[in-house]
1. Can you tell me how many residues in the stretch 204-259 are within 13 Å of the ligand (Cβ to nearest atom) and of a type in the set (K, R)?
2. Return the residues of the stretch 153-180 that are within 15 Å of the ligand (Cβ to nearest atom), surrounded by 15 or more Cβ atoms within 10 Å (Cβ to Cβ) and either within 16 Å of V197 (Cα to Cα) or of a type outside the set (V, I, T) (or both); say none if nothing qualifies.
3. Answer yes or no as to whether G218 is touching a helix residue (DSSP H, G or I) at 6+ places or on another chain (Cβ under 7 Å) and not aromatic (F, W, Y).
4. When you go through (1) assigned to a helix (DSSP H, G or I); (2) within 13 Å of the chain's Cα centre (by Cα) one by one for V131, which number turns out not to apply?
5. I'd like to verify a number: residues in the stretch 84-134 that are within 16 Å of the ligand (Cβ to nearest atom) and not basic (K, R), how many?
6. Can you find, within the stretch 54-82, the residue that is farthest from Y9 (Cα to Cα) among those that are modelled with pLDDT of 95 or more, surrounded by fewer than 17 Cβ atoms within 10 Å (Cβ to Cβ) and of a type outside the set (A, V, I, L, M)?
7. Does the stretch 12-35 contain at least one residue that is away from the ligand (no atom under 16 Å from the Cβ), touching a strand residue (DSSP E or B) at 6+ places or on another chain (Cβ under 6 Å) and touching a residue at least 24 places away in the same chain (Cβ under 8 Å)?
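The values are calculated or read from the model by the stated rules, or taken from the named source; none is laboratory data. None of the values given here were measured: they were computed from a predicted structure. Note: ideal-geometry Cβ built from the backbone for every residue, glycine included; neighbour counts use all protein chains shown.
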Amino acid sequence: MVQSFYMKYPHALVIGNWKLNPGTNTEAKNLFTAVRKAIPKDTEAKVVIAPPFLFIPELAKAKSKNTLLGAQDVAFEERGALTGEIGPAMLASFGVEYVIIGHSERRAMGETDQQVNKKIVASLKRKLVPVVCIGEKRRDTQGQFYNEIATQIKALSEGLTPLQLLKVVIAYEPIWAIGTGATATAEDVKEMQLFIVSTLTKLFDRKTAEKIRLIYGGSVKESNAQDLYQNGGMSGFLVGGASLQAGEFAAIIKATKRG
Ligand code: 13P
């Protein structure tokens, strides 16, 4: 199964989720430039930076083939009475290609599974790649946490056709590993990859399930990236804290190089 996964995605997808960082436009431009410079020239990985919305217009001017732009959220409507929201067409018009949906930090602020599903549909209409986050709050020894994951997968994929689902990236981000320094082991990640594929197989079909790109997020850093990438069975990373340091982020990208 791992083999077919790598055949489909020989190159990693590495996304830097800047969250509420950095503090100013100038700092954002500097960080973006530093990241671009640090990325190994010969990398085959797809690198995406997801800055706060406000920085997107400026960074769009500096994006290149090896540094694409993402957003950290998106509205499920194109326009209307939704104060404070940013719609998919707006993002697409600035050259954004990826959008993180259902991050646990947004779910903690009240975002529901239903809203996540609507945001996926709205994003696909504008050809944005939805990077949909799932993950358990904590692990228990009986494996109940797998039910939490299955519920999230069912809800996010509700009503999607297999063709639509194939355009979605699923980011497994165990909440207990986000920003804590506690990373899931490569074995945990591998088990979860198999579980996600089997859940999607039940909901759709095996061929579709095996083709969905899965990435891992949660305290990814230079020191654990290679092991997670080579043994975790997933084809990329969603990086928070470490994406704010150009050198560390570049090292993570380097770790996805296949020898
Ligand atoms: P950290 O890499 O800081 O743990 O954050 C992970 C994350 O939430 C990325 O979306």
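1. 1
2. Residues satisfying the conditions are V169, I170, A171, Y172, E173, P174, W176, A177.
3. For G218, the condition - touching a helix residue (DSSP H, G or I) at 6+ places or on another chain (Cβ under 7 Å) and not aromatic (F, W, Y) - is met.
4. Only one criterion is unmet by V131, namely (1).
5. Within the stretch 84-134, residues that are within 16 Å of the ligand (Cβ to nearest atom) and not basic (K, R) number 18.
6. So the residue we want is G80.
7. no
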